Amino acid sequence: MAQSIYRCTDARGNKLTSDRPIPECLDREQNELNPSGTVKRSVGPSLTASERERIEAQQKKDAEEKVRVNEERRRNRALLMRYQDQAAHDRERADALKQVDEVIAAANKRLAELDKQNEAINAELEFYKNDPAKAPPKLRRQIAEHEDSVRAQQRFIADQTLEKKRVNDRFDEELARLKPLWAGAR
């Protein structure tokens, strides 16, 4: 005796009954009946491959959105714990900028040292003012090394200036996120 009975109405309106899922009704809902004739459950229509892919893609998108929202909430909580108020945020910005400024000051100090070295090189080069090509190889090498060092320090200072901008941008972005969070916390 069959454990379950499946019943459906096919596309032509015929009522079909079987002891297993009915192939003619795969595209529509089928009722699974108990031996007593009551509806045990409804079995939805079988999905095509493209429909399954679309549903799976939507589920994946929903899951990714849920992860993104949870991550944003976690980041917001972390920001609120780190910065209880704007004064704390401003202090940390000032500290971060101070560190970058100290690095830039050290690079500028190195540039000043290089300028002093350049004076000594120029004093030696004075003897070869009429024909710099006759300068000894050691002096030409010192000139090239000096120019390389100056360019390296200038690039480093430019990089640190960009770092200062990145720090300011990051703190501006955090502040924009924090203001509504602080207002909501009150």
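Which lysines have a Cα less than 21 Å from the Cα of Lys15, not counting those fewer than 8 places away in the same chain?
Reachable lysines: Lys40.
Out of residues 5 or more away from Lys40 or on other chains, whose amide H comes under 5 Å of its own, with H placed 1.01 Å from N in the peptide plane?
Excluding prolines and chain starts, which carry no amide H, the hits are Glu32, Leu33, Asn34.
Tell me the mean residue ellipticity at 222 nm calculated for the chain from its helices only (DSSP H runs of n ≥ 4, each -39500 (n - 2.57), averaged over every residue, nearest 500). Present the calculation step by step, with values, prior to reporting the outcome.
Numbers: 3 runs with 123 residues, N = 186.
It lands at -24500 deg cm²/dmol.
For Kirkwood radius over Cα pairs in Å, the listed values are (1) 19.4; (2) 25.1; (3) 16.7; which was obtained by calculation from the structure presented?
Identified label for the calculated read-out: (2).
Among Tyr6, Val43, Pro23, which residue has its Cα furthest toward the positive end of the charge dipole of the range 1-79, with +1 on Lys/Arg Cβ and -1 on Asp/Glu Cβ?
Among Tyr6, Val43, Pro23, the one farthest towards the positive end of the dipole of the range 1-79 is Val43.
Any read-out appearing in this document is the output of simple, stated calculations on the displayed coordinates, not a laboratory observation. Only a predicted model underlies this, so the values are computations on that prediction, with no experimental measurement involved. Note that we place each Cβ from the backbone using ideal geometry, even for glycine, and neighbour counts take in every protein chain shown.
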